[in-house]
Amino acid sequence: MKDYEKLLGCTRRAVENFKMIDEGDKIAVGISGGKDSLVLTSALAGLRKILPVKFEVYGITLDLGFEGADFSRINDYCESIDVPYTVVKTNISNVVFDIRREKNPCALCAKMRRGALAREAAAIGCRKLALGHHKDDVVDTFMLNLIHGGRLSTFEPVTYLSRSKITVIRPLIYLREYETRNFAKSNSLPVVKSLCPADGGTERASMKETLDMLDFRHRGIRGQIFGAIERSGIDGWHECRRAKKERE
């Protein structure tokens, strides 16, 4: 695979810095069908061969209920890299768009998807759930919370969900979005186009555009914001500094 060594290097660094994987872990990967979740699945499948701890990887896709969804190519891909795969049918699209008729559907949809993934992960014996959030997502979430919520926060690299007793890990946090896009394209990963009617028209998409414009005038601004998050110690990011000190 093209750029496979870089992918494994970045994900391994995240896993080791934040102690994401332990001996004997069973890890469920939330595979939406997008490029990021497929790249994450590929990375974890590869890390099984090089990390000093032994762990298992399982793929889970939520069928949100949109007409025309086809995950057969993802199933074939998971078989090719020895990752057991299952598709779970849900009524999330019906609840969000037909029953609740949410004007800003992403928050409710994300909450329902996390809950459904956590339940399915627990049902198949997994106590960890890997999600495909990358470095750009870290920065975008920070800026959304700052501008719309008036708070300094983003998602944690490792999050324990006390209700479901599932630990969420995000091994792609050191990869830029363009890197996941390039890897998916150059390695012909079976990306499934999103059928969500809100795709591309969200506050998150608008924030991406804003940061892209800022980056055009102030080159490297995403990296500067990401570095500030790391140095700040907010939301679990202090673990990165602690891991570095332990290595020294």
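The values are calculated or read from the model by the stated rules, or taken from the named source; none is laboratory data. These figures come from a predicted structure and were not determined experimentally. When we count neighbours, we look across all protein chains shown, and the Cβ atoms used for this are built from the backbone with ideal geometry, even at glycine. These accessible areas exclude ligands, DNA and RNA; they are computed on the full protein's heavy atoms, side chains included. Shrake-Rupley method; radii C 1.70, N 1.55, O 1.52, S 1.80 Å.
Relative protection proxy for 45-54, 223-232, from highest mean packing down: 223-232, 45-54 (other beta-carbon atoms within 10 angstrom).
Could you tell me whether the stretch 82-157 comes out rounded, prolate or oblate from its Cα gyration tensor? Rule is a ≥ b ≥ c as square roots of the eigenvalues, rounded for a/c under 1.5, then prolate if a/b exceeds b/c, otherwise oblate. In terms of gyration-tensor shape, oblate.
Heavy atoms of the protein chains alone define the surface here; on that basis the chain has 54 Å² accessible area per residue at 1.4 Å probe size. Annotation: the stretch 109-153 has a Kirkwood hydrodynamic radius of 12.3 angstrom, from the mean reciprocal C-alpha pair distance. Per-residue extension of 0.36 nm, minus the Cα-Cα distance of R119 and R231, leaves a gain of 36.9 nm for this segment. Per-residue packing, averaged as other Cβ atoms within 10 Å, sorts the ranges 102-111, 24-33, 181-190 into the order 24-33, 181-190, 102-111, beginning with the highest. Rounded to the nearest 0.05, the FRET efficiency derived from the C-beta distance between I221 and H148 at R0 = 25 Å is 0.85. Ordering of 35-44, 212-221, 151-160 by packing is 35-44, 151-160, 212-221, highest average first (other Cβ atoms within 10 Å, averaged per residue). If only the Cβ of Lys and Arg carry +1 and only the Cβ of Asp and Glu carry -1, the dipole of the chain around its Cα centre is close to 560 debye. Which entry is the computed volume of the Cα convex hull per residue in Å³ for this structure: (1) 130; (2) 138; (3) 120? Correct label, based on the coordinates given: (2).
So between S188 and L161, what do we pick up on full extension, going 0.36 nm a residue minus the alpha carbon distance?
Here the segment from S188 to L161 would lengthen by 6.3 nm.
Dimensions of the stretch 141-214 based on its C-alpha atoms, expressed as ranges along the principal axes with the largest first, amount to 37, 34, 28 Å. Normalised by the number of residues in the chain, the average gap of Cα pairs under 8 Å and 6 or more apart makes the relative contact order 25 percent. Given the DSSP H assignment, sum -39500 (n - 2.57) over each helix run of at least 4 residues in the chain and divide by its residue total; what's the result at 222 nm in deg cm²/dmol, nearest 500? -15000 deg cm²/dmol, from helical runs alone.
Between amide H atoms placed 1.01 Å from N, distances below 5 Å from V168 occur with L129, T159, Y160, L161, all of them 5 or more places distant or on a separate chain. For the pair the stretch 1-48 and the stretch 193-222, the centres of their Cα atoms are 24 angstrom apart.
State, to one decimal in nm, how far the label point of K103 lies from the label point of V88, with both points 7 Å from Cα in the Cβ direction. Calculated label separation equals 3.2 nm. Only alpha carbons enter this Debye calculation for the stretch 108-248, each as an equal point scatterer, and the log10 of I(q)/I(0) it gives at q = 0.08, 0.09, 0.21 Å⁻¹ is -0.26, -0.33, -1.54. Taking M112, M207 and ordering them by how much accessible surface each has at a 1.4 Å probe, largest first, produces M112, M207. Rg/Rh for the stretch 1-128 (Cα atoms only, Rh after Kirkwood) is 1.00.
Residues H148, H238, H134, ordered by accessible area of protein heavy atoms at a 1.4 angstrom probe radius and largest first, appear as H148, H238, H134.
Surface composition of the chain: carbon plus sulfur atoms hold 50% of the accessible area, using a 1.4 angstrom probe and ignoring ligands, DNA and RNA.
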